1. For Asp25 and Phe168, calculate 0.36 nm times their separation in residues minus their Cα-Cα distance, and state this gained length in nm to one decimal.
2. When 1/r is averaged over all different Cα pairs and the result inverted, which Kirkwood radius in Å belongs to the range 40-155?
3. In the full protein assembly as shown, how much of Ser138 is accessible to a 1.4 Å probe, in Å² to the nearest 10?
4. In the chain, once you exclude exposed trypsin sites (Lys or Arg not before Pro) (DSSP loop, at most 15 other Cβ within 10 angstrom), what's the longest stretch remaining?
5. Relative contact order for the range 1-96: what percent, with Cα pairs under 8 Å and sequence separation of 6 or more?
6. Using only alpha carbon pairs under 8 Å that are at least six residues apart, calculate the relative contact order of the range 73-145 and give it in whole percent.
7. Choose one of Gly177, His98, Met137: the residue whose Cα lies farthest towards the positive end of the charge dipole of the chain (beta-carbon charges +1 Lys, Arg; -1 Asp, Glu; about the Cα centre).
8. Assuming R0 = 30 Å, what is the FRET efficiency of Ala99 and Asn44, from their Cβ-Cβ distance, to the nearest 0.05?
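The values are calculated or read from the model by the stated rules, or taken from the named source; none is laboratory data. What you are looking at is a predicted structure, and each value in this text was computed from that prediction instead of being measured. Here the Cβ positions follow ideal geometry from the backbone for every residue, glycine too, while neighbour counts run over all protein chains shown. Heads up: the accessible areas ignore ligands, DNA and RNA and are worked out on the full protein's heavy atoms, side chains in. Shrake-Rupley method; radii C 1.70, N 1.55, O 1.52, S 1.80 Å.
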Amino acid sequence: MKRIVSPSMLSADFGHLADAVHMIDASAAEWIHIDVMDGVFVPNISFGFPVLKAIRAASAKFIDTHLMIVHPERYVKRFVDAGADLVTVHYEAVDDPHAVVESIHACGVRAGISIKPATPVTVLQRLLPVLDLVLVMSVEPGFGGQSFIEGSVDKVRSLRRMIDKGGFPVQIEIDGGVSVANASELWQAGCDVLVAGSAVFGAENPEGEILKILNA
Ligand code: DX5
Ligand code: ZN
(Lines give C-alpha, C1' and ligand atoms only; values in the text may rest on other atoms or scores of the structure.)
(Ligands and ions follow the chains in the order given, each with its own letter.)
Protein backbone atom coordinates (compact mmCIF):
# COMPACT_ATOMS: atom_id res chain seq x y z
CA MET A 1 0.00 0.00 0.00
CA LYS A 2 1.30 3.39 -0.97
CA ARG A 3 0.85 6.28 1.47
CA ILE A 4 -0.23 9.67 0.18
CA VAL A 5 -0.60 12.94 2.10
CA SER A 6 -2.98 15.51 0.62
CA PRO A 7 -2.60 18.92 2.32
CA SER A 8 -5.87 20.89 2.31
CA MET A 9 -5.55 24.35 0.78
CA LEU A 10 -8.51 25.46 2.90
CA SER A 11 -6.08 26.14 5.75
CA ALA A 12 -3.55 28.01 3.59
CA ASP A 13 -3.02 31.77 3.77
CA PHE A 14 -5.18 32.95 0.85
CA GLY A 15 -3.16 36.15 0.67
CA HIS A 16 -0.15 34.05 -0.32
CA LEU A 17 -1.66 31.11 -2.19
CA ALA A 18 1.33 30.69 -4.49
CA ASP A 19 3.67 30.30 -1.50
CA ALA A 20 1.42 27.56 -0.09
CA VAL A 21 1.38 25.75 -3.44
CA HIS A 22 5.17 26.01 -3.79
CA MET A 23 5.60 24.63 -0.27
CA ILE A 24 3.45 21.60 -1.17
CA ASP A 25 5.25 21.17 -4.49
CA ALA A 26 8.60 21.01 -2.72
CA SER A 27 7.25 18.62 -0.06
CA ALA A 28 6.70 14.86 0.17
CA ALA A 29 2.94 15.34 -0.35
CA GLU A 30 1.86 13.86 -3.67
CA TRP A 31 -1.59 15.43 -3.78
CA ILE A 32 -3.18 18.82 -3.12
CA HIS A 33 -6.65 18.75 -1.55
CA ILE A 34 -9.11 21.35 -2.84
CA ASP A 35 -12.25 21.93 -0.74
CA VAL A 36 -15.09 23.45 -2.73
CA MET A 37 -18.05 24.63 -0.60
CA ASP A 38 -21.25 26.25 -1.80
CA GLY A 39 -22.94 27.51 1.37
CA VAL A 40 -25.86 25.11 0.69
CA PHE A 41 -24.55 21.56 1.09
CA VAL A 42 -22.38 22.92 3.92
CA PRO A 43 -22.78 26.12 5.95
CA ASN A 44 -19.64 27.68 4.52
CA ILE A 45 -18.39 29.04 1.19
CA SER A 46 -14.78 28.51 0.11
CA PHE A 47 -13.67 29.00 -3.50
CA GLY A 48 -14.32 27.75 -7.01
CA PHE A 49 -13.01 27.55 -10.57
CA PRO A 50 -10.69 30.60 -10.78
CA VAL A 51 -8.81 29.64 -7.63
CA LEU A 52 -8.53 26.01 -8.73
CA LYS A 53 -7.19 27.16 -12.11
CA ALA A 54 -4.56 29.32 -10.43
CA ILE A 55 -3.48 26.43 -8.19
CA ARG A 56 -3.35 24.08 -11.19
CA ALA A 57 -1.15 26.53 -13.08
CA ALA A 58 1.24 26.82 -10.13
CA SER A 59 1.54 23.13 -9.25
CA ALA A 60 2.73 19.87 -10.76
CA LYS A 61 0.99 17.77 -8.07
CA PHE A 62 -2.13 15.62 -8.40
CA ILE A 63 -5.20 17.78 -7.77
CA ASP A 64 -7.64 16.08 -5.39
CA THR A 65 -10.95 17.95 -5.59
CA HIS A 66 -13.55 17.52 -2.82
CA LEU A 67 -16.90 18.99 -3.87
CA MET A 68 -19.13 19.90 -0.93
CA ILE A 69 -21.86 21.30 -3.14
CA VAL A 70 -25.40 20.42 -4.19
CA HIS A 71 -25.89 19.22 -7.78
CA PRO A 72 -22.20 18.45 -8.29
CA GLU A 73 -23.15 16.60 -11.51
CA ARG A 74 -23.75 19.99 -13.14
CA TYR A 75 -20.15 21.08 -12.63
CA VAL A 76 -18.01 17.99 -13.22
CA LYS A 77 -16.69 19.07 -16.61
CA ARG A 78 -15.89 22.58 -15.41
CA PHE A 79 -13.85 21.26 -12.48
CA VAL A 80 -11.97 18.93 -14.80
CA ASP A 81 -11.34 21.78 -17.25
CA ALA A 82 -10.08 23.88 -14.32
CA GLY A 83 -7.50 21.22 -13.47
CA ALA A 84 -8.96 18.47 -11.25
CA ASP A 85 -7.27 15.04 -11.53
CA LEU A 86 -9.78 13.46 -9.15
CA VAL A 87 -13.34 14.66 -8.62
CA THR A 88 -15.02 13.53 -5.39
CA VAL A 89 -18.72 14.22 -4.84
CA HIS A 90 -20.80 13.57 -1.75
CA TYR A 91 -23.05 10.52 -1.66
CA GLU A 92 -25.60 12.66 0.21
CA ALA A 93 -25.61 15.32 -2.55
CA VAL A 94 -26.53 13.17 -5.54
CA ASP A 95 -29.58 11.17 -6.60
CA ASP A 96 -27.72 8.76 -8.84
CA PRO A 97 -24.12 8.20 -7.69
CA HIS A 98 -23.43 5.68 -10.48
CA ALA A 99 -24.36 8.23 -13.15
CA VAL A 100 -22.13 10.90 -11.61
CA VAL A 101 -19.18 8.50 -11.39
CA GLU A 102 -19.72 7.63 -15.04
CA SER A 103 -19.77 11.29 -16.04
CA ILE A 104 -16.53 11.95 -14.10
CA HIS A 105 -14.85 9.04 -15.87
CA ALA A 106 -16.15 10.31 -19.20
CA CYS A 107 -14.11 13.47 -18.56
CA GLY A 108 -10.97 11.35 -18.28
CA VAL A 109 -10.24 11.73 -14.55
CA ARG A 110 -10.59 9.62 -11.40
CA ALA A 111 -13.88 9.47 -9.50
CA GLY A 112 -14.47 9.50 -5.75
CA ILE A 113 -17.49 9.37 -3.47
CA SER A 114 -17.43 10.95 -0.01
CA ILE A 115 -19.59 10.03 2.96
CA LYS A 116 -20.43 12.28 5.92
CA PRO A 117 -19.88 10.99 9.49
CA ALA A 118 -23.48 9.77 9.83
CA THR A 119 -23.56 7.89 6.51
CA PRO A 120 -22.69 4.18 6.88
CA VAL A 121 -20.08 2.57 4.63
CA THR A 122 -22.63 -0.07 3.58
CA VAL A 123 -24.22 2.41 1.13
CA LEU A 124 -21.01 2.11 -0.92
CA GLN A 125 -21.15 -1.65 -1.49
CA ARG A 126 -22.69 -1.44 -4.97
CA LEU A 127 -20.46 1.47 -5.95
CA LEU A 128 -17.09 -0.08 -5.13
CA PRO A 129 -16.75 -1.85 -8.51
CA VAL A 130 -16.84 1.48 -10.35
CA LEU A 131 -15.06 3.81 -7.90
CA ASP A 132 -11.44 4.93 -7.71
CA LEU A 133 -11.65 6.36 -4.20
CA VAL A 134 -13.84 6.68 -1.12
CA LEU A 135 -13.42 9.79 1.02
CA VAL A 136 -14.45 9.17 4.62
CA MET A 137 -15.27 12.42 6.41
CA SER A 138 -14.00 12.34 9.99
CA VAL A 139 -15.59 15.71 10.84
CA GLU A 140 -18.84 17.30 9.67
CA PRO A 141 -17.88 18.86 6.33
CA GLY A 142 -17.72 22.65 6.20
CA PHE A 143 -14.78 23.83 8.25
CA GLY A 144 -11.12 23.12 8.87
CA GLY A 145 -9.69 22.82 12.37
CA GLN A 146 -12.35 20.54 13.92
CA SER A 147 -11.69 17.55 16.19
CA PHE A 148 -11.47 14.08 14.70
CA ILE A 149 -14.61 11.95 15.25
CA GLU A 150 -13.26 8.71 16.75
CA GLY A 151 -15.85 6.36 15.21
CA SER A 152 -14.35 7.16 11.80
CA VAL A 153 -11.51 4.68 12.36
CA ASP A 154 -14.00 1.79 12.57
CA LYS A 155 -15.63 3.01 9.35
CA VAL A 156 -12.23 2.86 7.65
CA ARG A 157 -11.62 -0.67 8.95
CA SER A 158 -15.02 -1.90 7.68
CA LEU A 159 -14.48 -0.23 4.34
CA ARG A 160 -11.01 -1.76 4.07
CA ARG A 161 -12.56 -5.22 4.59
CA MET A 162 -15.25 -4.57 1.96
CA ILE A 163 -12.65 -3.38 -0.57
CA ASP A 164 -10.18 -6.21 0.09
CA LYS A 165 -12.92 -8.84 0.02
CA GLY A 166 -14.05 -7.71 -3.42
CA GLY A 167 -10.49 -7.10 -4.64
CA PHE A 168 -11.42 -3.61 -5.84
CA PRO A 169 -8.62 -1.11 -6.66
CA VAL A 170 -10.28 1.60 -4.56
CA GLN A 171 -8.27 4.02 -2.41
CA ILE A 172 -9.49 5.11 1.02
CA GLU A 173 -8.99 8.76 1.92
CA ILE A 174 -9.81 10.31 5.27
CA ASP A 175 -10.49 14.00 5.85
CA GLY A 176 -10.94 16.06 9.01
CA GLY A 177 -8.96 16.39 12.21
CA VAL A 178 -5.98 14.43 10.90
CA SER A 179 -2.59 15.13 12.51
CA VAL A 180 0.63 13.43 13.58
CA ALA A 181 -1.28 12.30 16.69
CA ASN A 182 -3.66 9.98 14.80
CA ALA A 183 -1.86 9.41 11.47
CA SER A 184 -0.26 6.11 12.50
CA GLU A 185 -3.61 4.63 13.58
CA LEU A 186 -5.20 5.79 10.31
CA TRP A 187 -2.53 4.24 8.09
CA GLN A 188 -2.85 1.02 10.07
CA ALA A 189 -6.64 1.02 9.78
CA GLY A 190 -6.23 0.93 6.02
CA CYS A 191 -6.20 4.52 4.77
CA ASP A 192 -4.28 5.21 1.57
CA VAL A 193 -4.62 8.99 1.60
CA LEU A 194 -4.59 11.34 4.59
CA VAL A 195 -5.92 14.89 4.16
CA ALA A 196 -4.49 17.43 6.58
CA GLY A 197 -5.29 21.12 6.69
CA SER A 198 -4.68 22.89 9.97
CA ALA A 199 -2.11 20.29 11.09
CA VAL A 200 0.07 21.17 8.09
CA PHE A 201 -0.51 24.89 7.68
CA GLY A 202 -0.61 25.56 11.42
CA ALA A 203 2.79 23.92 11.89
CA GLU A 204 5.97 25.92 12.26
CA ASN A 205 7.53 23.75 9.55
CA PRO A 206 4.72 22.58 7.19
CA GLU A 207 7.03 20.49 4.99
CA GLY A 208 8.41 18.73 8.03
CA GLU A 209 4.89 18.11 9.34
CA ILE A 210 3.91 16.48 6.04
CA LEU A 211 6.88 14.13 6.38
CA LYS A 212 5.94 13.31 9.97
CA ILE A 213 2.37 12.44 8.94
CA LEU A 214 3.64 10.35 6.03
CA ASN A 215 6.05 8.40 8.24
CA ALA A 216 3.84 8.14 11.34
C1 DX5 B 1 -13.70 20.07 5.82
C2 DX5 B 1 -12.76 19.83 4.67
C3 DX5 B 1 -11.41 19.42 5.07
C4 DX5 B 1 -10.66 20.40 5.91
C5 DX5 B 1 -9.76 19.61 6.81
O6 DX5 B 1 -15.00 20.17 5.34
O7 DX5 B 1 -13.29 18.84 3.82
O8 DX5 B 1 -10.63 19.06 3.94
O9 DX5 B 1 -9.89 21.31 5.19
O10 DX5 B 1 -9.18 20.48 7.71
P11 DX5 B 1 -8.47 19.94 9.02
O12 DX5 B 1 -7.35 19.04 8.57
O13 DX5 B 1 -7.98 21.19 9.66
O14 DX5 B 1 -9.50 19.21 9.82
ZN1 ZN C 1 -11.94 18.06 2.19
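1. 48.5 nm
2. Evaluated on the range 40-155, it is 14.8 Å.
3. Probe radius 1.4 Å; accessible area of Ser138 about 0 Å².
4. Excluding the exposed sites themselves, the longest stretch runs over 3-125.
5. Reported relative contact order: 26 percent.
6. About 30 percent, as a whole number.
7. Most positive-ward Cα: His98.
8. For Ala99 and Asn44, the calculated efficiency is 0.65.
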